[in-house]
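The values are calculated or read from the model by the stated rules, or taken from the named source; none is laboratory data. Just so it is clear, the structure is predicted and the values come from calculations on it, not from any experiment. When we count neighbours, we look across all protein chains shown, and the Cβ atoms used for this are built from the backbone with ideal geometry, even at glycine. Each accessible area value is taken on the protein alone, full model and side chains, heavy atoms only, with ligands, DNA and RNA left out. Shrake-Rupley method; radii C 1.70, N 1.55, O 1.52, S 1.80 Å.
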Amino acid sequence: MDTKVIDTQRQKKVAILHILGAAFSFAMMTLFIRLSGDLPTMQKTFFRNFFALWIALAALVRQKQAPVIVKGAGLPMFMRCFFGGTGMIANFWAVDHLGIADANMLNKLSPFFAIIISYFIMKERASKVDWACVAVAFAGALFIIKPSFGLAAIPALVGLYGGFGAGTAYAYVHKMGSIGEPGPVIVFYFSLSTTLLCLPFMIADFAPMSVAQFLCLLGTGLAAASGQFNITAAYQKAAAKEISVFDYTQVIFAAILGVIFFNEIPDALSFIGYAVIIGAAVFKWRWNLHRAEG
């Protein structure tokens, strides 16, 4: 076998290990959020981003990269920060009010939201297969949300917005990448803006923390940083179309952690929803690989 082919296959295997590491790290992040107890959501989000801010700043210093926003990236940067920040707040709130597996699954609708949003902000036309996968994924989400007109539906709808916010943020990250905005600068401004967004709310509603709660929030930040480093390494070594589907293992990790730590067992409808959404993601992944090879 050609040496170049062998090296590519090895790189792909390493990338898959990195993305599995990222999925586990992000599942641990949601676990730490729940374990931190009844602290206000804004306080949890503040500390998660405050720790990430210092890591992002260290990355800029190490790479000797000035935090300069390139021409034309100002509005996309604002939109990335706004939707990414509000989406994270919604996701953290949903984690506290849903099973962590359900909250993670709703957040994993973000790639499908990104397809929709990219059409409007970058005029990227998705194929009919892509749109069909979007429709199937959202049908699967209904099994998790279990639509009703009562208050019980609110946490699921908030979790759904978390996925929308993340997907919209990813679309704007893609737009900034296309005009040359460096990744570390995007991470820095996202962490900074979300920290500043949460700061006044945290001060107004600050809840004293025990040592255990503070350590859980520290764990949240460290797990999030681990996830970011792993997912960055993964996409540096392999194309998204080849490995992105493995990111859905986060839901499996979250479900296992939910059973172990909170005795949370998703109901039958949620399991159907997981199967439908992951099935749509796997089909889309396989279709894109086939189309690229053909």
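What does the C-alpha gyration tensor say about the overall shape of the range 1-151? Classify as rounded when a/c is under 1.5, otherwise prolate if a/b is larger than b/c, or oblate. Spell out each step's value before the answer.
Numbers: a/c = 1.34, a/b = 1.12, b/c = 1.20.
It comes out rounded by the Cα gyration axes.
Taking a straight line from the alpha carbon of K108, these lysines sit under 25 Å away, with near neighbours fewer than eight places off in the same chain left out: K12, K13, K44, K123, K128, K146, K175, K237, K241, K284. How about K71: which aspartates and glutamates have a C-alpha closer than 12 Å to its C-alpha, ignoring those fewer than 8 places off in the same chain? Within the straight-line cut-off, K71 pairs with E181.
About its Cα centre, the dipole of the chain is roughly 860 debye, where the only charges are +1 on Lys and Arg Cβ and -1 on Asp and Glu Cβ.
With an 8 Å cut-off on Cα pairs and a minimum separation of 6 or more residues, tell me the relative contact order of the range 140-272 in percent.
Values: 20 pairs, mean separation 44.5, N = 133.
Value for the range 140-272: 33 percent.
Subtracting the Cα-Cα distance of I260 and D38 from their residue separation scaled by 0.36 nm leaves 78.0 nm. Taking N230, N104, N263 as the candidate residues, the one with maximal mean-square fluctuation in a Gaussian network model of the chain, Cα springs under 10 Å, is N263. Of the residues I179, L106, P200, the one whose Cα sits farthest towards the positive end of the charge dipole of the chain is I179 (charges of +1 on Lys and Arg Cβ, -1 on Asp and Glu Cβ, taken about the Cα centre).
Note on K71 and L157: the model spin-label points, each 7 Å out from Cα along the C-beta direction, lie 4.5 nm apart. Rounded to the nearest 20 debye, the dipole magnitude of the range 108-214 is 320 debye, with +1 charges on Lys and Arg beta carbons, -1 on Asp and Glu beta carbons, and the Cα centre as origin. The residue list A15, Q65, T41 was ranked by how far each Cα lies along the charge dipole of the chain toward its positive end, using unit charges on Cβ atoms, and Q65 comes out on top. Amide H to amide H distances under 5 Å link S36 with no residue, where only residues 5 or more positions off or on other chains count and H is placed in the peptide plane.
Among the helices of the chain (complete DSSP H runs), which have Cα atoms covering no less than 30 Å along the helix axis and a Kyte-Doolittle mean of at least -0.5?
On the way: long enough: 3-35 (48 Å, 0.71); 41-62 (32 Å, 0.83); 74-97 (35 Å, 0.67); 154-178 (36 Å, 0.64); 183-204 (33 Å, 1.79); 211-237 (39 Å, 0.75); 268-293 (37 Å, 0.63).
Flagged H segments are 3-35, 41-62, 74-97, 154-178, 183-204, 211-237, 268-293.
With protein chains left intact and a 1.4 Å probe, residues in the chain average 49 Å² of accessible area per residue.
For the range 1-102, calculate the relative contact order in percent as a whole number, restricting contacts to Cα pairs under 8 Å that are 6 or more residues apart.
For the range 1-102, the relative contact order is 48 percent.
May I ask you to derive the relative contact order of the range 86-220, considering only C-alpha pairs under 8 Å and at least 6 residues apart, and to give it as an integer percent?
Working: 104 pairs, mean separation 49.0, N = 135.
Once normalised by length, the contact order is 36 percent.
Considering only protein heavy atoms and a probe of 1.4 Å, how much of the accessible area of the range 1-108 is carbon and sulfur, as a whole percent? Write out the running numbers ahead of the final one.
Values: 3390 of 5040 Å².
Carbon and sulfur together cover 67 percent of it.
Estimated from the Cβ-Cβ distance and a Förster radius of 30 angstrom, the FRET efficiency linking T232 and L199 is about 0.70. Here the dipole of the range 1-110 is about 440 debye; that uses its Cα centre as origin and unit charges on the Cβ of Lys and Arg (positive) and Asp and Glu (negative).
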